[in-house]
Amino acid sequence: GILVTGVGGTGVVTIGALLGVAAHIEGKGITILDMTGLAQKGGSVYSHIRVAKRPQDIHAVRIAAGEANAVIGCDMIVAASDEAIAKMQAGHTRAVVNLDVAPTGAFTREPDLEVPRRAMAEEISEACGPGSADFVEAGELATALLGDSIATNLFMVGYAWQKGLVPVGREAIVRAIELNGAAVESNKAAFDWGRRAAVDIDAVRKAASP
């Protein structure tokens, strides 16, 4: 199971939709459960994604405690929430997390709110076990490279895919992006930049700040 965490209104539920199409293209089984709680814009979103060789191999849609094989954290705060941490298990879960933070409701009230990024990163690292969590300033890089923070999500998918966390082929993901029909070139580019970042982060940082 893959847990995708993010903030409502930033396009994070699109990840599940795209991976769903990609899995169907390959004839795999997939279930997607978007838990948005009270979140429309600016609240926490948790997408539970399960992929299997055949549809009948999936028995539960929701990812239970300690059951996530992979966590794609599109937002640091949500990835470090109790709800997300509970799904992680040392030796079982690998995570890739965007270091950038989407402004949540609390920021509007207290713009000087300091986000304890280091503490959050440590909590995620501890939950996944040594060497199993990667942190990348995806929002910053994707916005600099593609001019739009919405590209962050596909950048994260590309990064996770390159790290072996997404059990669907590249061709199928690219085809799903095309079939989706929205921001096709930008989404493909974001996916590829994410893949590059997983292999050579310094080159990507350099390209983002010419």
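Residue-level check: of (1) out of contact with any strand residue (DSSP E or B) (no Cβ under 7 Å at 6 or more places or on another chain); (2) part of a loop (DSSP other than H, G, I, E, B), ALA22 misses just (2).
Results for (1) touching a residue at least 40 places away in the same chain (Cβ under 8 Å); (2) part of a helix (DSSP H, G or I); (3) of a type outside the set (D, E, K, R); (4) buried (at least 23 other Cβ atoms within 10 Å of the Cβ), shown as yes or no for each residue.
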position	(1), (2), (3), (4)
GLU123	yes, yes, no, no
GLY131	no, no, yes, no
ASP134	yes, no, no, no
THR152	yes, yes, yes, yes
PHE191	no, yes, yes, yes
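Within the range 31-46, the presence of at least one residue that is open to solvent by 20 Å² or more (accessible area, probe 1.4 Å), over 17 Å from the mean Cα position of the chain (by Cα), more than 22 Å from THR152 (Cβ to Cβ) and modelled with pLDDT under 95 is confirmed.
Based on what the data block shows, is ALA160 modelled with pLDDT of 95 or more, over 20 Å from VAL7 (Cα atoms) and either basic (Lys, Arg) or in contact with a helix residue (DSSP H, G or I) (Cβ under 9 Å, 6 or more places away or on another chain) (or both)? Judged against the criteria, ALA160 is not a match. VAL115 satisfies every condition listed in (1) open to solvent by less than 30 Å² (accessible area, probe 1.4 Å); (2) modelled with pLDDT of 95 or more except (2). The condition of being at pLDDT 95 or above and in a loop (DSSP other than H, G, I, E, B) holds for only one of VAL166, VAL204, VAL174, that being VAL166.
The values are calculated or read from the model by the stated rules, or taken from the named source; none is laboratory data. All figures in this text were calculated on a predicted structure; none of them were measured in a lab. With ideal geometry, Cβ positions are generated from the backbone for all residues, glycine too; neighbour counts draw on all protein chains shown. All accessible areas refer to the heavy atoms of the entire protein, side chains included, with ligands and DNA or RNA removed. Shrake-Rupley method; radii C 1.70, N 1.55, O 1.52, S 1.80 Å.
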